[in-house]
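Taking it in order: structure first as structure tokens, then the write-up.
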Amino acid sequence: MADQSFVTLATNDSYVKGALVLGSSLQQHRTTRKLTALITPQVSDSMREVLEKVFHEVILVNILDSGDSAHLALMKRPELGVTLTKLHCWELTQFSKCVFMDADTMVLSNIDELFEREELSAAPDPGWPDCFNSGVFVYRPSIETYNQLLQFATEKGSFDDPIIGRCILGCRFKGPLSPAPRPWSCICADQGLLNTFFSSWATTDMNKHLPFIYNLSSTSVYSYLPAFKAFGANTKVVHFLGSTKPWNYTYDSKTKSIKGNMDDPKVVHPEFLNMWWDTYMTNILPLLEQHGIAKEATTGVNMAEVTEAVSHMSVSTPSPVLPTISSEERKERWEQGQADYMGMDSFDNIKKKLDSYLQ
Ligand code: UDP
Ligand code: MN
């Protein structure tokens, strides 16, 4: 099975943590396939060395160094930068078939049977089930497909309404068009591009519809609790979709559970998050320690660093002109996990608000 591989992507050291847990979970469940990680130059050398312990192949991809077509695509639509990075997986022609998995997924059992499926097989998106979720998909590497995807991205891949400046396909991103820090699962990012390119997925071949248990969104646990109680035990892949990733939580290794606010439903139903952390603590932390990079051991977010970064930003950069959005819209964004951490909802601003209550 040397010509088949699981493939993931990490463009920075935080996502490498996710990739490591994913790789380790695939190993734990005795996959017979290769493990490949795509990384970009922002990943540190030491994290790359740790990745090489878990993955058979760690491949550096840089959209700007790649062929003319990719370069051209990016020149025309710079906001597609990260999206196009994911497309690099089609270039892995040393493999005849691959399963791409987001770095924020983890497997709970052996899923090698996915290699019996054809391109493009994927599970429905929990938000818009006529689209597939692009966090887990079966595909066949091919330079021809890669080039077609790039061409498609530049020519047809605009999902924004030019007048209202919003994604028109019903994604959770409701902000202004420019600048465009899109959530990754946004239908107008890689998911929209792939769904438009593989547009027959919704209606043609049921064999290409993976059951939802191959890409179970961790938020579905509490959004559809009765369904989860009935079917959740069969879950094979859990996907920590959304803006708060497992590595952003704080973990208490004594109680073996994540810490957090009980207003957060993910904290009330922490089963999968705790499993992620258990794998991280048992299999990944020792590797990080061997490489002298375990300083954030049990806390995903180092608050001291966050505070420092935020205060640094406010000193060195002029205050941005904040877009005026209604408090209702701001609340909605916050609830959808789209807090503007560097702007309105920055640590500094939240602290100021709290201070004003205390005065
Ligand atoms: N990714 C990455 N760096 C980023 C954002 C995303 O490497 O800054 C990769 C990573 O593999 C991630 C995938 O792209 O799992 C899709 O993004 P994400 O999982 O954050 O989106 P979501 O599934 O929450 O929509
Ligand atoms: Mn994801």
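A few notes on this one:
- Residue check for residue 110: part of a helix (DSSP H, G or I), out of contact with any Leu (no Cβ under 8 Å at 6 or more places or on another chain), at pLDDT 80 or above and away from ligand 2 (no atom under 16 Å from the Cβ): no
- Scanning region 18-31 for residues that are open to solvent by 20 Å² or more (accessible area, probe 1.4 Å) and either farther than 15 Å from residue 52 by Cβ or in contact with a strand residue (DSSP E or B) (Cβ under 6 Å, 6 or more places away or on another chain) (or both) turns up 28, 29, 30, 31.
The values are calculated or read from the model by the stated rules, or taken from the named source; none is laboratory data. As the structure is a prediction and not an experimental result, all values here were calculated from the model. Note: ideal-geometry Cβ built from the backbone for every residue, glycine included; neighbour counts use all protein chains shown. These accessible areas exclude ligands, DNA and RNA; they are computed on the full protein's heavy atoms, side chains included. Shrake-Rupley method; radii C 1.70, N 1.55, O 1.52, S 1.80 Å.
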